[in-house]
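The next block holds one structure in the form of structure tokens; read it before the comments.
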Amino acid sequence: MVVAGFAELSSRLKALAAKVDLVSFDIFDTLLERHVEPPDAVKTVASRRAAALFAAAVGEHLAPGALLAARHEAEATLRRQAQDAGFDHECAFSDIAGEVARRIAPAKEEALYAALVEGELEAEREALYPRAKAAELLAALKAQGKRVVAVSDMYLDSALIARLFQHFGLGGLVDRIYVSADLKLGKYSGRLFRH
């Protein structure tokens, strides 16, 4: 079924409401959209934010480019490890941030980890916006007693996506977030959907 926007989707869902108990939404480009193209550009902004937050917290300066390079390296390693363990090539940002913090600032690992996570969330909050009428549609489904889930292939884990949902007024409107980062299973392989 192809629909053109949330107004048409709402109308179609109302017609199907009696037949379904659960409605699943993709997160990015459905519930949340980006001002930034390509989406990976957010990683550069996040690295700059993390470097600034780390400097403010501990008084040490790290080059954003070094953080970004370490991030790419850690992400590639974690994705390979997931595949080697029989999963899809997925990993969580919290694991990436932990690996970067261990590699770059072992003596200040906690401070760098916190800066990386907050820098990522700041960059995502700046790059994203909720699709018009998304909250209204989710609230209407919840009012009808439907179970509402959100699904994504994304390196942000469900706890971080929940924080973004809260920021954008979608908190409490989704019963469960299923994300490839948590399970190391992707939509593209069908394994996340089967889970």
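The values are calculated or read from the model by the stated rules, or taken from the named source; none is laboratory data. Since the structure is predicted, the reported quantities are computational estimates derived from the model, not experimental observations. In this analysis, Cβ positions are derived from the backbone assuming ideal geometry, glycine residues included, and neighbour counts consider all displayed protein chains. The area values use the complete protein model at the heavy-atom level, side chains included, leaving out ligands, DNA and RNA. Shrake-Rupley method; radii C 1.70, N 1.55, O 1.52, S 1.80 Å.
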Exercise. Take the alpha carbon atoms of the stretch 26-91, find their center, do the same for the stretch 161-176, and report the distance between the two centers in whole angstrom.
Key: 21
Quiz item: With the Cα gyration tensor of the stretch 12-118 giving a ≥ b ≥ c as the square roots of its eigenvalues, does the rule (a/c under 1.5 for rounded; else a/b larger than b/c for prolate; else oblate) give rounded, prolate or oblate?
Solution: prolate
Quiz item: At q = 0.07, 0.11 Å⁻¹, what base-10 log of I(q)/I(0) does the Debye formula yield for the chain when every alpha carbon is treated as an equal point scatterer in vacuo?
Solution: -0.23, -0.55
Exercise. Sort Arg194, Arg125, Arg48 from largest to smallest accessible area, using a 1.4 Å probe on the heavy atoms of the protein chains.
Key: Arg194, Arg48, Arg125
Self-check item: Normalised contact order of the stretch 63-131, rounded percent, pairs of Cα under 8 Å and 6 or more residues apart
Solution: 24
Practice problem: For the chain, find the longest principal axis of its Cα atoms and tell me its angle to the long axis of helix 134-143, 0 to 90°, nearest 10. | Solution: 60
Practice problem: With unit charges on the beta carbon (Lys/Arg positive, Asp/Glu negative), name the residue among Val36, Ala111, Ala52 whose Cα is farthest towards the positive pole of the charge dipole of the chain. | Solution: Val36
Practice problem: Working from Cα positions, state the angle (0 to 90°, nearest 10) between the long axis of helix 6-16 and the longest principal axis of the chain. | Solution: 50
Practice problem: For the chain, give the magnitude of the charge dipole about the Cα centre (Cβ charges: +1 Lys/Arg, -1 Asp/Glu; no others), in debye to the nearest 20. | Solution: 640
Quiz item: Which of rounded, prolate, oblate describes the stretch 138-195, given a ≥ b ≥ c as roots of the alpha-carbon gyration tensor eigenvalues and a/c under 1.5 marking rounded, otherwise prolate only if a/b is larger than b/c?
Solution: oblate
Quiz item: Under the Karplus relation 6.51 cos²θ - 1.76 cosθ + 1.60, θ = phi - 60°, what is the ordered set of whole-Hz ³J(HN,Hα) values for the stretch 40-52, x standing for Gly and Pro?
Solution: 5, 4, 4, 5, 5, 4, 4, 5, 5, 4, 4, 4, 5
Quiz prompt | Relative contact order [Cα under 8 Å, 6+ residues apart], the chain, whole percent | solution = 27
Quiz item: Any idea of the accessible area per residue across the chain, 1.4 Å probe, to the nearest Å²?
Solution: 50
Quiz item: Hey, can you rank 87-95, 14-22, 63-71 by average C-beta count inside 10 Å, highest first?
Solution: 87-95, 63-71, 14-22
